[in-house]
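Written below as structure tokens is the structure these notes are about.
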Amino acid sequence: MQTNLAGKTYEVQTESDGKWTFFASHNVKSQAIQQAQALLDSHKYSGVKVIAESDRKGDEIIFNERAEVTDKGLTVVPIESSPVCETLADCYQLEARRTIGRLLRQYLDDVGMTAMELAFDFGRLKMLERDDKLYIGALSRLASLQVDKDAGEKPVDRQNKLERLYNQLVANAQKMMKREDLNEALQAGGLQALIDKVNAEAPADERHMLILAGLAVHMGEQGDWSGKIEGLVKLLDGQAGVVVQAYVDEALAEILDGTAAITELLGGVADAASAHRMLVQLCQGRLPEVKNPLSCINELNKTMAAYELENARDAILGRVARGIGGVKPMTREGKEGERTALVTLIRNLEGYAGLLGGPQMAEALTLRAKMALGREDGDLSAEDAVASILAYLPSLPSRAGFVLDLSATDTGAKQQAAVVRNLAQAMRGLTGVDALTG
């Protein structure tokens, strides 16, 4: 086993069925302890210990904890798209992180962290690599989505490339464990201080990654999802520049993509319709103050009102759209309750030139309207559903914007003639371009 300058090594061992086996070896104590804690939290082993070994002092157990073994059956979540990652830098971009967040949603919700935090957690990355169901399943799904068939690339080639990128990610996470100065700068002077430090010291192509590394450690120290959100909100001190806002916006978007985070943020709600309504109001910063909240929802609402956090807003609206576009009832009050809930949502979603949430929301509302606004003898047709939604939109720009958004979706493509007729109807009364801008 390779030793450090002090002549010490730290061996991580796991216990299964009463037998202790070697798991990994480290030269740095903190790395070994972090991995041991991650292994313990996985509940795959009945015990985990770290043994410090040196020629001078011999062996010393410095970590020895027990855990209940449970098989949580965590799997990858099916996703339909992924940005192509060719370099390690690509892996740190927001869309790549959000993609991993969705793919590993069950795992990330279980351990209470974002994809950004995972990217810099050496212990958990190594543990994930040993979980064939998650690791191989994730690589396989990403490879199938990213493969360049036009260039003759095969899925196995893309998977091998992604595995090499993962190894680079792990190696960099291990290196970042020694950069305690990054989080120290953030703690001492806020996110802007970290950004200034990195910009002054690091090559341009490493700066984004280093800022994320410092921010990831900060988020990991905040506890639960509400704590992470509150910790990010506090980084916006009223004088935060656009770069600080951008990093906070991205980090919030990652959190708000997750079901567990949204559930914790909202606390107890009566039904899905209430949750959707609150989220739509929250993303615009106009949620009425929640009395005796169990989370930082009021603080987040004020932040959404004060700053243009587009990624965070889109993450919230995307979650609402996915909920509305499903088939589960939004209320427990039958047909009339569903109708009232949908109409309320439509009116809350009206924007200057369409509905908030764009094409995804337009399609989700249309699918829901077919059921919720239907008659006793059955669902509405797509054309009648669109017409019913238009009837609840008072302004010409919002009606035209809704139909244009719908035309960009699969539902719109399948109902092209109906969409065109509704668009023509929506455009009636427009006297010029000025009418589209209110």
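Numerical summary
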| read-out | value |
| --- | --- |
| Boolean, Y10 is closer than 29 Å to L210 by Cβ, among the aromatic types (F, W, Y) and touching a strand residue (DSSP E or B) at 6+ places or on another chain (Cβ under 8 Å) | yes |
| Selection from segment 317-368 of residues that are touching a residue at least 24 places away in the same chain (Cβ under 8 Å), part of a loop (DSSP other than H, G, I, E, B), farther than 15 Å from G412 by Cβ and not aromatic (F, W, Y) | V327, K328, P329, M330, T331, R332, A353, L356 |
| Residue count, segment 161-180 (criterion: of a type in the set (D, E, K, R) and either at positive phi or surrounded by 13 or more Cβ atoms within 10 Å (Cβ to Cβ) (or both)) | 3 |
| Candidate set from segment 98-130 (those that are more than 17 Å from A260 (Cα to Cα), charged (D, E, K, R) and in contact (Cβ under 8 Å) with a residue 60 or more places away in the chain); member that is surrounded by the fewest Cβ atoms within 10 Å (Cβ to Cβ) | K126 |
| Qualifying positions in segment 42-85 - exposed (fewer than 11 other Cβ atoms within 10 Å of the Cβ) and within 20 Å of S144 (Cα to Cα) | P78, E80, S81 |
| Flag for A275 being touching a Gly at 6+ places or on another chain (Cβ under 6 Å) and either closer than 17 Å to D257 by Cβ or assigned to a helix (DSSP H, G or I) (or both) | no |
| Odd one out for A24, checked against (1) crowded, with 16+ Cβ neighbours inside 10 Å; (2) among the small types (G, A, S); (3) within 30 Å of G318 (Cα to Cα) | (3) |
| Residues satisfying the stated conditions in segment 81-97, i.e. without any contact (Cβ under 8 Å) to a residue 40 or more places away in the chain and either touching a Phe, Trp or Tyr at 6+ places or on another chain (Cβ under 9 Å) or among the aliphatic types (A, V, I, L, M) (or both) | A96 |
| Matching residues in segment 333-350 - criterion: being surrounded by fewer than 17 Cβ atoms within 10 Å (Cβ to Cβ) and in contact with a Ser or Thr (Cβ under 9 Å, 6 or more places away or on another chain) | E333, G337, T340 |
| Selection from segment 142-160 of residues that are surrounded by fewer than 18 Cβ atoms within 10 Å (Cβ to Cβ) and not in a loop (DSSP other than H, G, I, E, B) | S144, L145, K149, D150, A151, P155, V156, D157, N160 |
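Quick grid of which residues meet (1) within 19 Å of T344 (Cα to Cα); (2) buried (at least 20 other Cβ atoms within 10 Å of the Cβ); (3) not aliphatic (A, V, I, L, M):
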site	(1), (2), (3)
A362	yes, yes, no
G374	yes, no, yes
E383	no, no, yes
A387	yes, no, no
L390	yes, no, no
F402	yes, yes, yes
K414	no, no, yes
A417	no, no, no
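Since every read-out is calculated from the coordinates, none of them should be taken as a lab result. Everything numeric in this text was worked out from a predicted model, so none of it was measured. Neighbour counts run over all protein chains shown; Cβ positions are idealised from the backbone, glycine included.
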